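Written below as structure tokens is the structure these notes are about.
What follows draws every value from the coordinates through simple rules; no lab data is involved. Because the structure is a prediction, the values reported are computed rather than measured. Using ideal geometry, Cβ is built from the backbone for each residue, glycine included, and neighbour counts are taken over all protein chains shown.
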Amino acid sequence: MEFERMMTVLRKLALEAGDRIMEIYDTDDFAVRAKLDDSPVTAADEAADAHISAGLRAAFPDAALVTEEQSATHGQNVSDFFIVDPLDGTKEFVQRRGDFTVNIAWVADGVPVRGVVYAPARNRLFWTLGDGTSVEEDGPFDKETPGATRSISVSTPNPEALLVVASKSHRDAATDEYIGKYPVADMRSAGSSLKFCLVATGEADLYPRLGRTMEWDTAAGDAVLRGAGGHVVRFDDHTPLRYGKSGFENPFFIAHAPGINLIGQ
């Protein structure tokens, strides 16, 4: 893969998908349906997915594609592939809370090495450059030409006063109990893959997730965090989170800046 070209395509598709999402978000009403797993889906999910999928297949016809909204892609056995969550944080979208994102990533040998996370309602765009380092781009966003970008990097955590971020819609007692094992100076909630990006920019040090997620929920944010010097590890043994797993389901995980003495179960 030629990564400079890849990221031009991924960035543009994410921005275009964001436009389609916001057109529906800004309407007075939109329908919400339940999928087989009872998770919500809207016309915005489907419109963004159709646009991104068509764009990736046109630009990279030989590459494997896994996307949340196309169950036919979920049975693949792949280690090099694009993976897409066209609208991560559908609950945030439905409740009009703004913390939803477009997520596109490239996984190579089980590792998310390039990705883009776009939060259209928050006007924040994070992506990896061709060399794999991560940036945040300042808006307004031109789809053809990137604007001013700033390199982002994880913080150097104060081990006695950690900044923690956790899920806004999926917070539970087990997560709170685990967070309680650390000395926490500040605790914030955020939706979707923005949590990875907050760790990547140094706005948070630690993001534990003790709940069900799928690889499309995490891959793009994981790529951005890795490109900013951070890590995403399994909760059980603290080994790096891998991708291309059977069914594309994740174990519990911890996203963090280096320098934190992770506590076991």
**Study point:** Output for the range 1-33, where each listed residue is surrounded by fewer than 16 Cβ atoms within 10 Å (Cβ to Cβ) and of a type in the set (A, V, I, L, M)
**Key:** Met1, Met22, Ala31, Val32
Exercise for review: Could you check, for the range 136-147, whether at least one of its residues is more than 24 Å from Ile24 (Cα to Cα), touching an Asp or Glu at 6+ places or on another chain (Cβ under 7 Å) and of a type in the set (Val, Ile, Thr)?
Suggested key: no
Study note, to complete from the structure: Filtering strands (runs of 3 or more DSSP E) wholly in the range 133-176 for at least 2 residues that are touching a Gly at 6+ places or on another chain (Cβ under 9 Å) gives 134-137, 162-167
Practice item. Looking only at the range 166-178, decide whether some residue is under 17 Å from Ala228 (Cβ atoms) and either loosely packed, with under 13 Cβ neighbours inside 10 Å or out of contact with any Cys (no Cβ under 7 Å at 6 or more places or on another chain) (or both). Key: no
